[in-house]
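First the structure, in the form of structure tokens, and then the observations on it.
The values are calculated or read from the model by the stated rules, or taken from the named source; none is laboratory data. A quick note: this is a predicted structure, and the numbers were derived from the prediction, not measured. Please note: Cβ atoms are built from the backbone with ideal geometry, for glycine as well, and neighbour counts cover all protein chains shown.
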Amino acid sequence: MLNETLLSPARLGRLVLPNRLVMAPMTRNRANADGVPGELMETYYTQRATAGLIIAEAATPNAVGQTYPNIPAIHCPAHVTGWRGVTGSVRDAGGRMFLQIQHGGRVGHPDNSGLHPVAPSPVPLPDTIHTPSGPRPAVVPREMTEDDIRRTVEDFAAAARNAIDAGFDGVEVHSANGYLLHQFLGSNTNLRTDGYGGSIEGRIRFTLEVTRAVVDAIGADRVGVRIAPGVTANDLREDDIDALYPVLVRELAKIGPTYLHVVYADPGTELFRTIRALWPNTLIANPKLDGLGTEEVTRKAERVAEAGADLVALGRPFLANPDLVERLRIGAPLNQIQDRYLMYTGDAKGYTDYPTLAVTAAS
């Protein structure tokens, strides 16, 4: 059974959370082709409204930022309307939601967005990209000009305002997992020699400018930032994480977002302890899980909390367990993921059909 600390209330900005378990953002590819969320997404998130906080999956702030087919967006009125159905239903069920805003950068394809991907430098992803016609080789992205960077910063701010209009309690700036902001931090993806590359101060500049613009747009108490020190997703490499991230965290703290969300947080490392010491506001830790057993999830969640995390973000356990908080509270077995293929495509199967304890008992 989960300890009482993680089941106790916590304050996050203007919100009071009923528990300290956060549903991490997980791309599920169930939006309409135009990026508009529909009733299926409304059902999915409402089922999980007992999480202390839901961070909804990555939504793009502009068209060129689209990564894969059927991911949601937040840059036009139809997107706002679609998301309102989701946030209204979750709120009626007692939940709270932030929206992650993500630009794919080089992780994209013209067959998905209709536009050529942009990135810090013309370094292609050494992999294929899923498109409506199947996997396609990634293209060489166009290097962003300073005007491109300025417009993208403005797009993030506009997307944040749209998210609040859509009923979200706040937004998470995604500077992790090998997407655009993380690409500016990366050693192998940012080869620039101007003010957005080279030194640590240059490589963190874009993340800081985006965060500052979003904070200015909607208020610091409605903004979080996600980082992923050393995470190699989408073939991103960072050669200096122990030097880069303390500087980034110190500068982010000056801007003042309400939380920092660390991906694959390892409480046994000096870097995690440094980040905790430097970060003055709420720290969300997303532990790396080796399995979906109740004991494993409980142990990892409690370990990062004991190391100083204020909130614990869990991904796959929430995917397969809409009543995850209750299962962990009483030590009940967890549902296992039915089919990994259905994590990223399809309809209700493998999405909204995972049973709660009550449904299992009744059957």
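In the stretch 314-324, the qualifying residues are those that are of a type in the set (A, V, I, L, M, F, W, C) and under 17 Å from MET1 (Cα atoms), and the one that is nearest to the chain's Cα centre (by Cα) is LEU314.
Matching residues to (1) among the polar types (S, T, N, Q); (2) modelled with pLDDT under 95; (3) under 30 Å from HIS130 (Cα atoms):
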| site | (1), (2), (3) |
| --- | --- |
| PHE272 | no, no, no |
| ALA301 | no, no, no |
| ALA307 | no, no, no |
| ASP310 | no, no, no |
| ASP323 | no, no, no |
| PRO333 | no, no, no |
| GLN338 | yes, yes, yes |
| THR345 | yes, yes, yes |
| VAL359 | no, yes, no |
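Rundown of residues vs (1) under 17 Å from the mean Cα position of the chain (by Cα); (2) of a type in the set (Phe, Trp, Tyr); (3) at pLDDT 95 or above, yes/no style:
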site: VAL153; (1), (2), (3): no, no, yes
site: PHE156; (1), (2), (3): yes, yes, yes
site: ALA159; (1), (2), (3): yes, no, yes
site: ASP169; (1), (2), (3): yes, no, yes
site: ASN177; (1), (2), (3): yes, no, yes
site: LEU181; (1), (2), (3): yes, no, yes
site: GLY195; (1), (2), (3): no, no, yes
site: GLU201; (1), (2), (3): no, no, yes
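Any residue at all in the stretch 233-248 that is crowded, with 24+ Cβ neighbours inside 10 Å, touching a Phe, Trp or Tyr at 6+ places or on another chain (Cβ under 7 Å) and either at positive phi or not acidic (Asp, Glu) (or both)? No; the residues of the stretch 233-248 include none that is crowded, with 24+ Cβ neighbours inside 10 Å, touching a Phe, Trp or Tyr at 6+ places or on another chain (Cβ under 7 Å) and either at positive phi or not acidic (Asp, Glu) (or both).
Quick grid of which residues meet (1) of a type in the set (Lys, Arg); (2) within 30 Å of GLU302 (Cβ to Cβ):
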position: ALA10; (1), (2): no, yes
position: PRO37; (1), (2): no, no
position: GLU42; (1), (2): no, no
position: ARG48; (1), (2): yes, yes
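Of everything in the stretch 126-149 that is of a type in the set (Val, Ile, Thr) and in a loop (DSSP other than H, G, I, E, B), the residue that is farthest from ASN188 (Cα to Cα) is THR145.
For ARG14, the conditions (1) modelled with pLDDT of 95 or more; (2) in contact with a strand residue (DSSP E or B) (Cβ under 9 Å, 6 or more places away or on another chain) are fulfilled apart from (1). Within the stretch 154-182, the residues that satisfy the criterion of being of a type in the set (S, T, N, Q) and either buried (at least 24 other Cβ atoms within 10 Å of the Cβ) or in a helix (DSSP H, G or I) (or both) are ASN162, SER175. Looking only at the stretch 3-29, which residues are closer than 29 Å to GLY104 by Cβ, surrounded by 21 or more Cβ atoms within 10 Å (Cβ to Cβ) and over 16 Å from the mean Cα position of the chain (by Cα)? Result: LEU12, single match.
Mind checking which residues of the stretch 188-239 are closer than 18 Å to GLU146 by Cβ, of a type in the set (A, V, I, L, M) and assigned to a helix (DSSP H, G or I)? LEU208, VAL210, ALA213, listed by residue number. Quick one: would you say ALA265 is in contact (Cβ under 8 Å) with a residue 40 or more places away in the chain, buried (at least 18 other Cβ atoms within 10 Å of the Cβ) and part of a helix (DSSP H, G or I)? Spelling it out, it is not the case that ALA265 is in contact (Cβ under 8 Å) with a residue 40 or more places away in the chain, buried (at least 18 other Cβ atoms within 10 Å of the Cβ) and part of a helix (DSSP H, G or I). I'd like to know if the stretch 70-83 contains one or more residues that are touching a residue at least 12 places away in the same chain (Cβ under 8 Å), surrounded by fewer than 24 Cβ atoms within 10 Å (Cβ to Cβ), touching a His at 6+ places or on another chain (Cβ under 8 Å) and over 17 Å from PHE98 (Cβ atoms). No: zero hits.
Residue pairs whose Cβ atoms lie under 7 Å apart, sitting 6 or more positions apart in sequence or on different chains, and linking a residue in the stretch 122-145 that is among the polar types (S, T, N, Q) to a partner that is at pLDDT below 95, do not occur here. Counting only residues that are part of a helix (DSSP H, G or I) and within 23 Å of the chain's Cα centre (by Cα), which one in the stretch 326-362 is surrounded by the most Cβ atoms within 10 Å (Cβ to Cβ)? So, considering only residues that are part of a helix (DSSP H, G or I) and within 23 Å of the chain's Cα centre (by Cα), the one surrounded by the most Cβ atoms within 10 Å (Cβ to Cβ) is LEU328. Against the test of being over 23 Å from ASP169 (Cα atoms) and crowded, with 20+ Cβ neighbours inside 10 Å, the options VAL123, VAL86, VAL139, VAL107 yield a single qualifying residue, VAL107.
Hey, can you tell me all the residues within the stretch 228-244 that are among the β-branched types (Val, Ile, Thr) and in contact with a helix residue (DSSP H, G or I) (Cβ under 7 Å, 6 or more places away or on another chain)?
First, the residues of the stretch 228-244 that are among the β-branched types (Val, Ile, Thr): 231-232, 241.
Within the stretch 228-244, just ILE241 meets the criteria.
Of the candidates ALA49, ALA56, the single residue that is in a strand (DSSP E or B) and surrounded by 18 or more Cβ atoms within 10 Å (Cβ to Cβ) is ALA56.
Rundown of residues vs (1) touching a strand residue (DSSP E or B) at 6+ places or on another chain (Cβ under 6 Å); (2) farther than 30 Å from GLY95 by Cα; (3) not basic (Lys, Arg), yes/no style:
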position: MET144; (1), (2), (3): yes, yes, yes
position: ALA160; (1), (2), (3): yes, no, yes
position: GLU172; (1), (2), (3): yes, no, yes
position: VAL215; (1), (2), (3): yes, no, yes
position: ARG226; (1), (2), (3): yes, no, no
position: ILE241; (1), (2), (3): no, yes, yes
